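To start, the structure under review is shown below, and the notes come after it.
The values are calculated or read from the model by the stated rules, or taken from the named source; none is laboratory data. Quantities reported herein were computed from a predicted structural model and do not represent experimental measurements. Note: ideal-geometry Cβ built from the backbone for every residue, glycine included; neighbour counts use all protein chains shown.
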Amino acid sequence: MEEPMLTELTGQGWMQILSQSFTTPAELPFVLSKRSLSVEKLVRLAQTSACDDEPYGRKILFKSPEIEVMLAKWSYQASASPHNHGFSKGLIWFVQGDFSERHFIFSEGELKSSGEPVQFKEGSVAQVVSNDIHSCCPVKDGVSLHIYSPAIQKMKVWDLKNRETLTVADECGAWIPKDLKLIANRVKWN
């Protein structure tokens, strides 16, 4: 059964949550708790999105052209592929479990690590900026809440094995899709 509170939140409500929290990301859990969205509710809801085939299961809580809210249930130590979020910015709340995030730069046909991995303890919030390339991985398993504005479009995923950049369908997560219909475009690296 759908959590009643989630159906009450409109696009305008989610935009208010994002705007109230974007400049001070650590405030996101507090802002959500004022709307009765607790860690317990999110963890319970995430259990319905578990996925064995991919690094994480996705549950879209709200989506409009202006905003996308996605809950992810991560498999044990499963890493997302390096990816960006198109032109979107937003926040990632690491609801349950500790996570590691790595940033990358794509230059001259090579994807290179940019700096040391950043560690996020359970409850931490990370900012997402447009076109930043990153990858997340839970230390064990975990749950994360993602709020993006505008809704993600034309996300790119970097395929290290085949040395190519894939533009994936909007409903695809941050992984190399097995279903070729989810690949909108592919560009080989030099």
(request) At least 3 residues that are at pLDDT 95 or above and out of contact with any helix residue (DSSP H, G or I) (no Cβ under 9 Å at 6 or more places or on another chain) in each: list the strands (runs of 3 or more DSSP E) lying fully within the range 74-134 that qualify. (result) 99-107, 110-113, 118-120
(request) Please work out if Phe62 is hydrophobic (A, V, I, L, M, F, W, C) and at pLDDT 95 or above. (result) no
(message) Please determine whether any residue of the range 156-172 is within 23 Å of Glu68 (Cα to Cα), of a type outside the set (Ser, Thr, Tyr) and loosely packed, with under 13 Cβ neighbours inside 10 Å.
(response) yes
(message) With the requirement that a residue be β-branched (Val, Ile, Thr), more than 24 Å from Tyr76 (Cα to Cα) and touching a helix residue (DSSP H, G or I) at 6+ places or on another chain (Cβ under 7 Å), what does the range 135-159 give you?
(response) none
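If you take the residues of the range 17-55 that are in a helix (DSSP H, G or I) and of a type in the set (Ser, Thr, Tyr), which of them is modelled with the lowest pLDDT?
If we take residues in the range 17-55 being in a helix (DSSP H, G or I) and of a type in the set (Ser, Thr, Tyr), then Ser49 is modelled with the lowest pLDDT.
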(request) Taking the residues in the range 50-69 that are touching a Phe, Trp or Tyr at 6+ places or on another chain (Cβ under 8 Å) and more than 17 Å from Gly97 (Cα to Cα) as candidates, determine which candidate is surrounded by the fewest Cβ atoms within 10 Å (Cβ to Cβ). (result) Phe62
